[in-house]
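**Student:** First the structure, which I've put down as structure tokens, then a few questions once you've had a look.
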Amino acid sequence: MTPANDDAELPQHDREALARLADGDVAPQGLEGQVVAHLRARGLFRRSEKRRRLTWMAAMLIASAATFGLGRHLGARQAAAIGGPKSGPEFLVLLYEDQGFDRGAPGEERARVVEYGAWARRLADRSQLVSAGRLGGAADAVQLPQTDAPPRSSSTEPTGYFVIVAADRQEAVRVASTCPHLRYGGRVVVRPIG
């Protein structure tokens, strides 16, 4: 058997091995891999489209699972880093600005926000802070059944709140007593949730 024109690109020892195959010899080890690589390089040998799709789908599934796992891991780390709330009874700490409240000079509000924020971060570091917020605007009271009489409302409305976790009511009161709101003549009310 004479080598074909395509075999001219093969090294001499591979051409000799191919010639021996025609005589019934066993192919030398590694020859199949070399032939497949040569055919792939020339674009004559490709994996089936079905196999390519399956490989692509498997790779996407693995990538999705890895992304999901990484997201769960990072989310757990972030929750731990911000002092995710510990389990236990929750209490609502309401802040009131009654008549004796010192609102401070214009421009001091930013410093107070920073001060209240630092207090909240200390609670978060101890895993006692669940949430917090400032309440704005006038409250709209709703009552049933609807009447023309104005709804009952307290003389002052809460202006802010914190939801904290504490072992019991006494600990919640102790935590609330450290709130900076009290230093400015504000009133703090602690209510159990649930």
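The values are calculated or read from the model by the stated rules, or taken from the named source; none is laboratory data. Note that the coordinates shown come from a computational prediction; the quantities given were computed from them, not determined experimentally. We place every Cβ from the backbone using ideal geometry, glycine too, and count neighbours over all the protein chains shown.
**Student:** With E90, E97 as the choices, which residue is closer than 19 Å to G194 by Cα and either modelled with pLDDT under 70 or not aromatic (F, W, Y) (or both)?
**Tutor:** Details: E97 fails: closer than 19 Å to G194 by Cα.
Within the list E90, E97, the selection yields E90.
**Student:** Take the range 104-117 and flag every residue that is without any contact (Cβ under 8 Å) to a residue 60 or more places away in the chain and charged (D, E, K, R).
**Tutor:** E108, E109, R110
**Student:** Which ones in the range 128-173 are acidic (D, E) and modelled with pLDDT under 90? It would help to see each step written out before you state the result.
**Tutor:** Going residue by residue through the range 128-173, those that are acidic (D, E) are 140, 148, 157, 168, 171.
Correct list: D140, D148, E157.
**Student:** Now a separate question. What are the residues in the range 155-185 that are in contact (Cβ under 8 Å) with a residue 40 or more places away in the chain and farther than 20 Å from R134 by Cβ, if any?
**Tutor:** V165, A166, A167, D168, R169, A172, listed by residue number.
**Student:** When you scan the range 172-194, how many residues do you find that are buried (at least 16 other Cβ atoms within 10 Å of the Cβ) and touching a Pro at 6+ places or on another chain (Cβ under 9 Å)?
**Tutor:** So the count comes out to 2.
**Student:** Can you find a residue in the range 39-46 that is surrounded by 10 or more Cβ atoms within 10 Å (Cβ to Cβ) and at pLDDT below 70?
**Tutor:** Checking the range 39-46: at least one residue is surrounded by 10 or more Cβ atoms within 10 Å (Cβ to Cβ) and at pLDDT below 70.
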